[in-house]
Amino acid sequence: MSLDNGLYAPDQSGRELLKVAMPKGRIYKVASKLFREAGVPIPTDFDDTRKLIIELPEVGMSFIMAKPVDVPTYVEYGVADIGIVGKDVLMEENKDVYELLDLGIAKCRMSVIGMPDWKPAINPRVATKYPSVASQYFRELGQQVEVIKLNGSIELAPLIGLADRIVDMVETGQTLRENGLVEMETIFGITSRLIANRVSYRMKNEEIQSLCDKLQHAIAAKASV
Ligand code: PRP
């Protein structure tokens with residue numbers, strides 16, 4: 001592919017830049033901080049940028065600022081060689097990518113949530129941003145539920161009678177507390193992962209492996225503090 005936007009352009013040594021899909025929003029700040037700790041100097045003034053493609057030829061990388069849910073798609077199609085994505089999105093999207101590294105950042109969990117006085121409903125309905133995760137979870141429990149896909153403010157669903165439970169991410173628990181909801185089950189723990197396109201992993205193995213090593217050192221250094 002040849003596009004005149006620098007993303008596919010070679011660096012000064014003639015090598016194509018490593019294309020990294022970064023999630024915009026809450027994960028970006030912790031992910032870019034981890035990159036800096038790993039010796040990849042992403043300037044802090046990119047934290048609030050509206051720019052969608054950021055090139056750092058001096059470190060041999062281009063960053064694609066993506067909506068988190070789209071990161072696995074960009075990586076699967078190879079328009080990004082690698083990407084950073086939450087385990088929640090990876091589980092839901094189920095794309096054909098390599099999961100290389102648990103970055104240990106943006107820790108939270110996927111949970112079943114309901115009102116404190118929840119009782120089994122005759123026609124149980126579960127609202128969620130993660131219909132595939134929720135369907136699989138209840139299927140494995142042998143429970144029949146109707147899964148309703150929402151795109152945000154999932155906690156509204158039990159409050160206004162759309163669903164009797166929700167499946168959603170819990171980080172601090174503040175949203176639950178402020179809305180009088182309780183966590184009923186934890187489905188799995190979530191952290192951000194480094195993923196790679198299968199072809200890029202072979203073709204750019206040296207660059208990808210070198211970045212993995214640096215990130216692993218930074219993660220280990222944080223863990224030892
Ligand atoms: C997420 C999630 C919960 C909330 C959990 O929503 O869906 O609503 O964060 O965080 P907490 O445990 O720290 O309160 P997000 O902020 O992404 O917005 P959304 O409701 O639009 O999905």
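The values are calculated or read from the model by the stated rules, or taken from the named source; none is laboratory data. For clarity, every value in this text was computed on a predicted model and none was experimentally measured. Here the Cβ positions follow ideal geometry from the backbone for every residue, glycine too, while neighbour counts run over all protein chains shown. Heavy atoms of the whole protein, side chains included, go into the accessibility calculation; ligands, DNA and RNA do not. Shrake-Rupley method; radii C 1.70, N 1.55, O 1.52, S 1.80 Å.
The sole residue among VAL147, VAL126 that is touching a helix residue (DSSP H, G or I) at 6+ places or on another chain (Cβ under 7 Å), farther than 28 Å from TYR98 by Cβ and open to solvent by 40 Å² or more (accessible area, probe 1.4 Å) is VAL147. With respect to the stated conditions, VAL112 fails to be part of a loop (DSSP other than H, G, I, E, B) and in contact (Cβ under 8 Å) with a residue 60 or more places away in the chain. Every residue in the stretch 170-202 that is surrounded by fewer than 16 Cβ atoms within 10 Å (Cβ to Cβ) and under 21 Å from LEU141 (Cβ atoms), please. Residues satisfying the conditions are VAL182, GLU183, MET184, GLU185, THR186, PHE188, GLY189. Determine whether ALA80 is assigned by TED's automatic domain parsing to the domain that holds ILE195 and touching a residue at least 12 places away in the same chain (Cβ under 8 Å). For ALA80, the condition - assigned by TED's automatic domain parsing to the domain that holds ILE195 and touching a residue at least 12 places away in the same chain (Cβ under 8 Å) - is met. Checking each residue in the stretch 155-183 for being of a type outside the set (Gly, Ala, Ser) and away from the ligand (no atom under 15 Å from the Cβ) picks out only ASP164. All of VAL75, VAL71 fail the test of being at pLDDT 95 or above, closer than 21 Å to LYS33 by Cβ and either in a helix (DSSP H, G or I) or more than 18 Å from the chain's Cα centre (by Cα) (or both), apart from VAL71. Applying the criterion of being acidic (Asp, Glu) and within 26 Å of TYR77 (Cβ to Cβ) to the residues of the stretch 95-154, the residue that is farthest from the ligand (Cβ to nearest atom) is ASP96.
Selection of the stretch 111-123 for residues being over 20 Å from the mean Cα position of the chain (by Cα) and open to solvent by less than 50 Å² (accessible area, probe 1.4 Å) yields ILE113, GLY114, ALA121. Being assigned by TED's automatic domain parsing to the domain that holds VAL69, within 30 Å of LYS29 (Cβ to Cβ) and free of Cβ contacts under 8 Å to residues at least 60 places away in the same chain is a description that does not apply to ASN179.
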